[in-house]
Amino acid sequence: QVQLVESGGGLVQPGGSLRLLCEVSGRTFLNYNVGWFRQAPGKEREFVASIAWRDGRPYYADSVIGRFAVSRDNRKNTVSLQMDSVRPEDTAVYYCCADGLQSYLQTGRAAYWGQGTQVTVSS
């Protein structure tokens, strides 16, 4: 089993920054790709970003390229999502997830999910 706990959500003004943190515990952290999804009210959950366990390569949804950055700290078993230049449309519950297969993770079929953290972008 893998447990994921998100933190760092909150209220931020448009154009501002926020940093989300996902703490991973359980099985060997290094064997899992870890990613972020988000779900806005009335919308489907969508892929945001992920980072590969093998080489640390990041992947991003087109809507966040150049604004968000995903990183991992293998010593602390954490994955961060740095959100810059946020927009009102970034408002959503953000979920951390993990899976051994990058393809499963990016298509929403990750084996493990956190409970989510709310991000609200508003002035």
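The values are calculated or read from the model by the stated rules, or taken from the named source; none is laboratory data. Since we're looking at a predicted model, the values are computed, not measured. Cβ atoms come from the backbone with ideal geometry, glycine included; neighbour counts cover every protein chain shown. What goes into the accessible areas is simple: the full protein's heavy atoms, side chains included, and nothing from ligands, DNA or RNA. Shrake-Rupley method; radii C 1.70, N 1.55, O 1.52, S 1.80 Å.
Being β-branched (Val, Ile, Thr) and open to solvent by less than 50 Å² (accessible area, probe 1.4 Å) is the filter here, so list the residues in the stretch 61-73 that pass it.
Scanning the stretch 61-73 gives 64, 70.
Which ones in the stretch 31-56 are touching a strand residue (DSSP E or B) at 6+ places or on another chain (Cβ under 7 Å), at pLDDT 95 or above and part of a loop (DSSP other than H, G, I, E, B)?
40, 45
Quick check: anything in the stretch 74-86 open to solvent by less than 40 Å² (accessible area, probe 1.4 Å), not basic (Lys, Arg) and not in a strand (DSSP E or B)?
We begin by selecting, within the stretch 74-86, every residue open to solvent by less than 40 Å² (accessible area, probe 1.4 Å); these are 78-81, 83, 86.
Among the residues that remain, those that are also not basic (Lys, Arg) are: 78-81, 83, 86.
Remaining after also requiring not in a strand (DSSP E or B): 86.
Yes, the stretch 74-86 contains at least one residue that is open to solvent by less than 40 Å² (accessible area, probe 1.4 Å), not basic (Lys, Arg) and not in a strand (DSSP E or B).
Could you tell me whether residue 7 is within 10 Å of the chain's Cα centre (by Cα) and of a type in the set (Ser, Thr, Tyr)? Write out each step before concluding.
Values: within 10 Å of the chain's Cα centre (by Cα): no; of a type in the set (Ser, Thr, Tyr): yes.
Considered against the rule, which asks whether it is within 10 Å of the chain's Cα centre (by Cα) and of a type in the set (Ser, Thr, Tyr), residue 7 comes out as no.
Identify, please: which residue in the stretch 18-60 is open to solvent by 20 Å² or more (accessible area, probe 1.4 Å) and hydrophobic (A, V, I, L, M, F, W, C) and is, among those, nearest to residue 74 (Cα to Cα)? Reasoning before the result, please.
At the first step, the residues of the stretch 18-60 found to be open to solvent by 20 Å² or more (accessible area, probe 1.4 Å) are 18-19, 21, 23, 25-28, 30-32, 39-47, 53-60.
Of the ones still in play, those that are also hydrophobic (A, V, I, L, M, F, W, C) are 18, 21, 30, 40, 47, 53.
Details: 18: 21, 21: 13, 30: 7, 40: 30, 47: 22, 53: 9 Å.
Looking at residues that are open to solvent by 20 Å² or more (accessible area, probe 1.4 Å) and hydrophobic (A, V, I, L, M, F, W, C), I get 30.
I need a count of the residues in the stretch 1-17 that are open to solvent by 60 Å² or more (accessible area, probe 1.4 Å), in contact with a strand residue (DSSP E or B) (Cβ under 7 Å, 6 or more places away or on another chain) and among the polar types (S, T, N, Q).
Step one: filter the stretch 1-17 for residues open to solvent by 60 Å² or more (accessible area, probe 1.4 Å), giving 1, 3, 5, 11, 13-14, 17.
Imposing the further condition that a residue be in contact with a strand residue (DSSP E or B) (Cβ under 7 Å, 6 or more places away or on another chain) reduces the set to 1, 3, 5, 11, 14, 17.
Add one more test, that the residue is among the polar types (S, T, N, Q), and what stays is 1, 3, 17.
Qualifying residue count for the region: 3.
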